[in-house]
Amino acid sequence: MDAFLLIPIVLPMFFGALLLFFSFREKNTAPGGRRERARLCLYVSAVLGISVALALAAAWSGDRELVLFTLFEGVPVYFHVDALGRLFVTVVSLIWVLSALFAFVYMKHEGKEKRYYGFYLILYGVLVALDFSGNLVTMYLFYELTTLVSMPLVLHNGTREAVMAALKYLFYSMCGAYGGLFSVFFLYRYSDSLNFAPGGTLNQAAAQGHEGILLIAVFAALVGFGAKAGMVPLHAWLPTAHPVAPSPASAVLSGVIVKSGVLAVVRVVFYVAGTDFLQGTWVQYVWMTLALLTVFMGSMLAYREQIFKKRLAYSTVSQVSYIMFGLSLLTPDAFTGALLHVVVHAVVKCGLFLTAGVFVYRFGYTRAEELGGIGKKMPKTMWCYLLLSLTLVGIPPTGGFVSKWYLAEGALQSGTGVFSWLGPVVLLVSALLTAGYLLPIAMKGFFPGSEHLQGLEEPHGIEEPGEGAQAHSSRKALGPELSPAMLVPLVVLAALAVWLGVFPGPVSEYAARIATAVF
Amino acid sequence: MAFVQNFPFLSILLSLFSGPLCSILSGKWAKRVNTGVIVTTGVMSAFVLQHVISTGQSYVYQMGHFPAPWGNEIRVGILEAFMACFFCAVMLLCMLGGIREREEQIQESKQNLYYVMVNLLLCSLLALIYTNDLFTAYVFVEINTISACGLIMIRQTGRTYEAAARYMIMSLSGSGLLLLGICYLYAVTGHLLMSNIREQVQFLAQTGQHHLSLMVALGLMSVGLAMKSALYPFHTWLPDAYGYSTLSSSAILSSLVSKGYIFLLIKIFCRVVGFNVVNESKVVNVLFVFGIIGMIMGSLSAIKENNLTRMIAYSSVAQIGYIYMGLGLATEAGIVAGLYHVLSHGATKALLFVAASGLGDASGNSDRFADITGAGLRNKLAGTAFLAGSLSMVGLPMFSGFISKFFFAQAAVGHAHKMFPTVIALALSTILNAVYFMKTVIRIYTPAPEGSVGGRQIGVWEQPAKSAALVCLILLNLILGLNSDPIVRLIQRGFEMFD
């Protein structure tokens, strides 16, 4: 029993719910004054700061565990911090803080801020609980809650399009979650316990003779939980739902929430069913095929998509399936690579969506071709964008290179026949496509070519002093390129993305330790 | 014999005679008497439950100390006492939640008649639960039907007359089939007392005599009770009856009345015919198939509905399907899951009906989807309650719906033929439930468009009785969801006592 674990879960939920309560009480939804907004930001940062500090403290101070109460025979609501949960909690916390910082400025023009922050805080608590979950049923509970609580972020602006997207998200996730529950029914019967243990808890004696049905169950869990990770065939919600959310929300949805699907898959496959059970079965091969298909398809769709945020969403579909492919290979190296890519992709995709948010916030630009010449207006943002893109493509010495290296290495060693070489090939092709859909924006941004120049060039040559002064003052009025609250998260994320590649040691060793434990 | 052992008989008698008493009282006093009777019966059942748990065995109570063929018997075990207790609690909450609706929708001069009906209904439910005599069961089935009809049409609109007429026709044909079945059984075995019939049936089954008559009797009784509890092809009376009657009626009808019949059917299966005979017959398979079809079709109809109360009513069709699916599995685990779902659905459906009326209050007494937009913001408690009920229906862990779903699946896993149909039906039905309940939840939390009329804010203290009922029902749901272990053990022990 360790009640300390409960605090970072309950605290943000409680204070988030409080905020929601007040937001519903307000009669007018018009944004309040400056002071009120400052107070709101202070409140959110205080709650989030304390929760994050407590969550990290709880995560990094030993294997804490807590049995809350028993749901039914042998299945308690049970929290247990282990190495994997620790990694995920850290990533979630980091992204959450940075994206909140960005939202403080960005959400001004979206309105209904209290509701946003209310759900944002609750969602943090739910995700911490998801990462700390110690058995399948607890995880299922918080997985469903993740869906329910993140849905309001998607439908934030209340348009019909947003509501429909949110419903689509809800149904895909719920269908998927039922796939997961389906596997729980069977695993409950054929395993020693539903508690997570590295290497699996399957009861070999009980499972004897029921392998066929168990494989189907595990496959249902893969496809089902894969829905949240945007894996084919349940991927269609992702490019609809992520772009309609406000940018900071898309950043956390794409950066972190999709990873809850990954986490669930890892828990089912590596912590309950066990790798030995799946090695070489049809489930593994189908899983690999689906993952590779998704990688390729996502990249292709992203390549021909012109709406910037939608392009990023397709890119998420593709990149998260890198992780899925890494997991499906069932080798330690690929597993390490997958975990690394979890970190890298969270950092990068959060950063990219935030840059998209910058464009929307400052200029109202949503389409890729509108971004020509933008590097002149906001060079710092564009540099961050460039670094993040390079990381996602996987060019050394960035973080993406390291994770993809591990993935390719793992694939080559896996001994899965055709997949051991097909995998790296698809990854390479997809990397090229990634370069093809991300880098032109940076190129056009910095070197827009002659047709953009007329409209964008600042009147530097001063012919008439009056006009020049006016232009100068109007530029002053716009202020610096970005307020620090928006710029800092971008810079931090870009720096992290590169840092992960220059000094991959600590993280990759940590991931490798998890990998040795589960194999 | 301990004094407590008289309580089941006394509670039946109390509720039976308080019915006619209410007819000469004024509406206000009838209400008080009714509340008092429900509370007293509930407390008595709790004492009985405590007594049976402590002694660890069931007992048979002979009325007037006349032995079986002449006298009438009551049999009390853990399951019976627990169900009685639960039914009283839910009925009290339903009555509490619908006070204002009753005052508005029922004529001043007929207020007391409503309580006559409720008391008789309670009496018949208790009798169905406790009785050890098949013919007594039939008598109380009829009393149940008639009082339920009264509950439906006391609102006195054209819709409710029609609904009551439909209910009457369907329900009486059900009773007719049940009676026929009982007659067959009596003709074959020569007994009306459950335990005697069972001995005889077991003997007949072993020797293989009268096989056809037995099967016909079993089939007739199953179909009859299935009609009365709105199993899928016989559900057509249900949406009107639940959708248009006054709030406490629809809540009581959906969460208790249909469950009383199901409980009787379980009793017939286990105590009258004997489980092994039922198992060999094909009747359970038929129930299983129709249960599954009902799960799907009920949800599909609910999706098409654009009226909140009727949507909830259709969802009852689906939930009844769940219970029959559990029965159809014909294993102990399946029946225990079904019994758990009786509790879970009873608590959830009452909650949803009361919450829906709260949402309607905040939308100018309309329950059309177009009008309830934003109702969850105008009436927060009702909104929260509806959310809780929906999550339970969808099957979020911590709510009762998840537990029963899990038990159904556990009962099915490893079952030779019925594993896949069950699990797939559960999957489909979960998703369909999510479709219509989440759609509604989103709607009630979407702020109403500017310029819409009829909506008004409703505070928690405006209708304290309804608020209290909602809070209690939410708690009941959470207790069933969070604390299922002892309850299930109770059901299991009670079920073992059945033999």
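How large is log10 I(q)/I(0) at q = 0.24, 0.25, 0.27 Å⁻¹ when the Debye formula is applied to the Cα atoms of the range B:165-230, each weighted equally and without solvent?
Computed log10 I(q)/I(0) values: -0.93, -0.98, -1.07.
Once you wrap a convex hull around the alpha carbon atoms of the range A:202-255, what is its projected area averaged over all directions, in nm²?
Here the figure is 4.7 nm², rounded to one decimal.
In units of 2.2 N^0.38 Å, what is the alpha-carbon radius of gyration of the range A:335-442?
1.22
Largest first, what is the accessible-area ranking of A:Cys384, B:Cys85 with a 1.4 Å probe?
Ranked from most to least accessible, the order is B:Cys85, A:Cys384.
Report the per residue volume, in Å³, of the convex hull enclosing the C-alpha atoms of the range B:71-144.
Spread over its residues, the Cα hull of the range B:71-144 gives 83 Å³ apiece.
Calculate how steeply helix B:7-23 sits against the longest principal axis of the alpha-carbon atoms of chain B, using the helix alpha-carbon long axis, and give the answer as 0 to 90 degrees to the nearest 10.
Helix B:7-23 sits roughly 50 degrees off the main axis of chain B.
With every protein chain kept in place and ligands, DNA and RNA left out, what is the accessible area per residue of the range B:410-499? Probe 1.4 Å, answer in Å².
45
In whole Hz and in residue order, list the ³J(HN,Hα) couplings for the range A:317-322 that follow from phi through the Karplus curve 6.51 cos²θ - 1.76 cosθ + 1.60, θ = phi - 60°; x for Gly and Pro.
Per residue, the Karplus-derived 3J(HN,Hα) values read 3, 5, 5, 5, 6, 4 Hz.
Compute the Rg/Rh shape ratio of the range B:332-382: radius of gyration over Kirkwood radius, all on alpha-carbon atoms.
1.24
In a Debye calculation with equal point scatterers on the alpha-carbon sites of the range A:305-350 and no solvent, what is log10 I(q)/I(0) at q = 0.17 Å⁻¹?
Here log10 of I(q) over I(0) equals -0.49.
Determine the principal axes of the Cα atoms in the protein assembly as shown, then give the extent along each, sorted from largest to smallest and rounded to whole angstroms.
Its Cα atoms span 114, 65, 45 Å along the three principal axes.
For a quick check: with amide H placed at 1.01 Å from N, whose amide H comes under 5 Å from A:Ser191's, ignoring anything fewer than 5 positions away on the same chain?
Distant-sequence amide H within range of A:Ser191: A:Asn203.
Convert 25 °C to kelvin, take the viscosity as 0.890 mPa s, use the Kirkwood radius over C-alpha pairs of chain A as Rh, and evaluate the Stokes-Einstein diffusion coefficient in µm²/s, rounded to a whole number.
105
Which ³J(HN,Hα) values in Hz, rounded to whole numbers, follow from the phi angles of the range B:167-176 under the Karplus curve 6.51 cos²θ - 1.76 cosθ + 1.60, where θ = phi - 60° and Gly and Pro get x?
3J(HN,Hα) across the range B:167-176, in whole Hz: 4, 4, 5, 4, 5, 6, 5, x, 4, x.
Name the long-range amide H neighbours of B:Gly374: under 5 Å, sequence gap of 5 or more, or other chain; modelled H, no Pro or chain starts.
Placed amide hydrogens put B:Ile444, B:Tyr445, B:Thr446 under 5 Å from B:Gly374.
Quick one: Karplus J couplings for the range B:26-34, per residue in order, coefficients 6.51, -1.76, 1.60, θ = phi - 60°, nearest Hz, x for Gly and Pro?
6, x, 4, 5, 4, 4, 4, 4, 4
Listed here are the pairs B:Lys228/B:Lys267; A:Lys114/A:Lys310; A:Lys259/A:Lys310; which of them are more than 21 Å apart at the Cα?
In this structure, A:Lys114/A:Lys310 exceed 21 Å between Cα atoms.
Could you pull out the trypsin sites (Lys or Arg not before Pro) across the range A:288-326 that fall in loop regions by DSSP (anything but H, G, I, E, B) with no more than 13 other Cβ atoms inside 10 Å?
A:Arg304
On the accessible surface of the range B:61-100, probed at 1.4 Å, how many percent belong to carbon and sulfur atoms?
72
For the range A:258-333, max minus min Cα coordinate along each principal axis, in Å, sorted largest first?
Principal extents (largest minus smallest coordinate, Cα): 44, 22, 19 Å.
Using Cα centres only, tell me the gap between the range A:365-415 and the range A:142-190 in whole Å.
If you average the Cα positions of each part, the centres end up 29 Å apart.
What do you get for Rg/Rh of the range A:270-404 when both radii come from the Cα atoms and Rh is the Kirkwood radius?
1.06
Past 30 Å, Cα to Cα, is the threshold; run A:Lys228/B:Lys466; B:Lys282/B:Lys405; B:Lys304/B:Lys349; A:Lys108/A:Lys377 against it and keep the listed order.
Where the Cα-Cα span goes over 30 Å, the pairs concerned are A:Lys228/B:Lys466.
Other chains near A:142-153: what is the mean number of their Cβ atoms within 10 Å of each residue's Cβ?
Counting other chains' Cβ atoms within 10 Å and averaging over A:142-153 gives 2.
Tell me the Kirkwood hydrodynamic radius of the range A:198-343 in angstroms, computed as one over the mean inverse distance between distinct C-alpha pairs.
Roughly 15.5 Å, rounded to one decimal.
May I ask you to find the residues of the range B:467-482 that are shielded by at least 20 Å² of accessible area once the whole protein assembly is considered instead of their isolated chain (probe 1.4 Å)?
At a threshold of 20 Å² (probe 1.4 Å), the residues of the range B:467-482 that become less exposed are B:Leu482.
Return the calculated 222 nm mean residue ellipticity for the protein assembly as shown, to the nearest 500 deg cm²/dmol, obtained by summing -39500 (n - 2.57) across DSSP H runs with n ≥ 4 and dividing by the residue count.
Estimated from H runs of four or more residues: -24500 deg cm²/dmol.
Output the 0 to 90 degree angle, nearest 10, between the alpha-carbon long axis of helix A:7-25 and the longest principal axis computed from the alpha carbons of chain A.
That helix lies at roughly 50 degrees to the long axis.
Computed over the Cα atoms of the range A:53-140, what is the convex hull's projected area averaged over all directions, in nm²?
It is 6.5 nm².
Report the gain in length on full extension from B:Val289 to B:Phe66: 0.36 nm times residue separation, minus Cα-Cα distance, nm rounded to one decimal.
Working it through step by step, the gained length comes to 76.0 nm.
Once you put a point 7 Å from the Cα of B:Thr446 and another 7 Å from the Cα of A:Glu161, both along the Cβ direction, what distance in nm separates them?
In this crude spin-label approximation the distance works out to 1.6 nm.
Quick check: residue separation of B:Phe3 and B:Phe47 times 0.36 nm, minus the Cα distance between them. What number comes out in nm?
That pair, B:Phe3 and B:Phe47, stretches by 14.8 nm at full extension.
In whole percent, and with a 1.4 Å probe on the protein chains, what portion of the accessible area of the range A:147-298 is carbon and sulfur?
Carbon and sulfur atoms account for 62 percent of the accessible area of the range A:147-298.
Search the structure for amide H atoms under 5 Å from the amide H of B:Tyr61, placed 1.01 Å from N in the peptide plane, and list their residues when 5 or more places away or on another chain.
B:Ile74, B:Arg75, B:Val76
Roll a 1.4 angstrom probe over the protein heavy atoms and tell me the percent of accessible area of the range A:361-444 that is carbon or sulfur.
Ligands and nucleic acids excluded, carbon and sulfur give 72 percent.
If R0 is 41 Å, what FRET efficiency do you get for B:Ile431 and B:Trp29 from their C-beta distance, rounded to 0.05?
0.25
Accessible area lost on pairing B with A, both sides, 1.4 Å probe, Å² to nearest 100?
Buried: approximately 2900 Å² between A and B.
With Rg and the Kirkwood Rh both taken from Cα atoms, where does Rg over Rh land for chain B?
Dividing the radius of gyration by the Kirkwood radius yields 0.96.
Taking every pair of alpha-carbon atoms in the range B:137-289, what share in percent sits in each 10 Å bin, from 0 to the bin with the longest distance?
Distribution as computed: 12, 40, 28, 15, 5, 0 percent.
Over all alpha-carbon pairs in the range B:1-83, figure out the percentage whose distance exceeds 21 Å.
The answer is 38 percent, as a whole percent.
Treating the angle as unsigned and between 0 and 90°, give the value, to the nearest 10°, between the Cα long axis of helix B:380-394 and the longest Cα principal axis of chain B.
40
With a probe of 1.4 Å, find how much accessible area chain A has per residue, and write the answer as a whole number in Å².
Here the residues of chain A average 36 Å² of exposed surface.
Report which residues of the range A:162-176 become buried by 30 Å² or more of accessible surface when going from the isolated chain to the complete set of protein chains (1.4 Å probe; DNA, RNA and ligands ignored).
When all protein chains are present, A:Leu167, A:Phe171, A:Met174, A:Cys175 each give up 30 Å² or more of accessible surface.
Taking the Cβ-Cβ separation of A:Thr366 and B:Ile303 as r and a Förster radius of 25 Å, what is the calculated FRET efficiency to the nearest 0.05?
0.15
Given contacts defined as C-alpha pairs under 8 Å and at least six residues apart, what's the relative contact order of the range B:170-223, whole-number percent?
54
Given the range A:1-125, report the % of alpha carbon pairs whose separation exceeds 20 Å.
49
Along Cα→Cβ, 7 Å out, is where each label goes; now give me the distance between the ones at B:Met215 and A:Ser483 in nm to one decimal.
Taking the two extended label points, one gets 7.9 nm.
Going by average Cβ density within 10 Å per residue, which order do the peptides B:174-183, A:180-189 take, highest to lowest?
The packing order, highest mean first, is A:180-189, B:174-183.
Using only alpha-carbon positions, what ratio does the radius of gyration of the range B:33-160 give when scaled by 2.2 N^0.38 Å?
1.20
Which residues of the range B:418-444 bury at least 40 Å² of accessible area once all protein chains are present, versus their chain alone (1.4 Å probe)?
Going by heavy-atom accessible area, the residues of the range B:418-444 that drop by at least 40 Å² are B:Phe420, B:Val423, B:Ile431, B:Met438, B:Ile442.
How far apart, in nanometres, would the label points at A:His109 and A:Phe21 be if each is projected 7 angstrom from Cα along the Cα-to-Cβ direction?
Result for the modelled spin labels: 3.5 nm.
The values are calculated or read from the model by the stated rules, or taken from the named source; none is laboratory data. The shown structure was predicted, so the numbers you read here are calculated from the model rather than taken from an experiment. As a convention, Cβ positions derive from the backbone with ideal geometry for all residues, glycine included, and neighbour counts pool all protein chains shown. For the accessible areas, the whole protein counts, side chains as well, though only heavy atoms, and no ligand, DNA or RNA atoms are used. Shrake-Rupley method; radii C 1.70, N 1.55, O 1.52, S 1.80 Å.
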